[in-house]
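Written below as structure tokens is the structure these notes are about.
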């Protein structure tokens, strides 16, 4: 995984340099495809690294900190990129991006070195080799439940993402600016949610946070269904953002805790694939039915899915 990620980054850096030197549009498309692909490998790399560098009881906290750092980057990146676009300096963007990916490349190398120096694994990792067959089977069933929950989450959250602009403009009699405010509130919620998980990790078990996050999102969506106030809606979209990132962090943590290291990459990759597939299914259904069903009712349907999903997780967590 580490070697493949570093080779992918080297190839991406080469493509970005070609984009800067040549004007052929084909390189832009190659860059777009590769940047998204490499981003997935980097995410998996970091998630696996956490299990190699710390004890299981710290996974949730480490994932929360990683998510907080990522969201800071999500906020700062568009600001810097927007400045260069305003200056009509595309080459500057490519140079900075190349420089950043070069840093990532060397960081991956040092991360691999740190893991190699950390071969004395904590006791709780050694205990995994002594687990009974019944315990391993139980963990496999729990991982499947998490995959089902991730599929449900991807399907429902995609309904909200797809119909959000039509819902906001129609429901609150606003324009694209009002929609932008709801997007900003959602993003702020995701940044806050990482800190919330970090604090809750000291008091609640991951499964409780996981199910509670679904219920939190569901209640916020159903309140949006009943609300006619844009300021109140901004608060609710903030809450949805908090719940959104909480689900992402805790689902990753649960898979890290229950998957043996030899199949951890496969399990995390499967989680990403299931999420993307469920969002694609949701998008297809919404686009097929949006001419007969109002965005308002799509929101209500998604809210009910989240509520039922959260209750199921809490009741079936054993």
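Here are the numbers:
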| quantity | calculated |
| --- | --- |
| Rg/Rg_ref, segment 182-238, where Rg_ref = 2.2 N^0.38 Å and atoms are Cα | 1.23 |
| Residue 292-residue 148 pseudo-label distance in nm [points 7 Å out on the Cα-to-Cβ vector] | 3.0 nm |
| FRET efficiency, residue 300 to residue 276 (Cβ-Cβ, R0 35 Å, nearest 0.05) | 0.90 |
| Segment 255-318 shape via C-alpha gyration tensor axes, a/c threshold 1.5 | oblate |
| Net lengthening on full extension, residue 195/residue 169 (0.36 nm per residue, minus Cα-Cα) | 6.3 nm |
| Efficiency of FRET between residue 261 and residue 58 - r from beta-carbon atoms, R0 22 angstrom, step 0.05 | 0.85 |
| Per-residue Cβ neighbour rank within 10 angstrom, fewest leading, 186, 297, 291 | 291, 297, 186 |
| Whole-angstrom gap from segment 166-224 to segment 276-306, using each part's C-alpha centre | 18 Å |
| Projected-area mean, segment 195-318, by convex hull of Cα positions, square nanometres | 9.0 nm² |
| Packing-based ranking, highest mean first, of 203-211, 235-243 given that Cβ atoms within 10 Å are counted | 235-243, 203-211 |
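Each value in this text was obtained by applying a stated rule to the coordinates, not by laboratory testing. As the structure is a prediction and not an experimental result, all values here were calculated from the model. Every residue, glycine among them, receives a Cβ derived from its backbone with ideal geometry; neighbour counts consider all protein chains shown.
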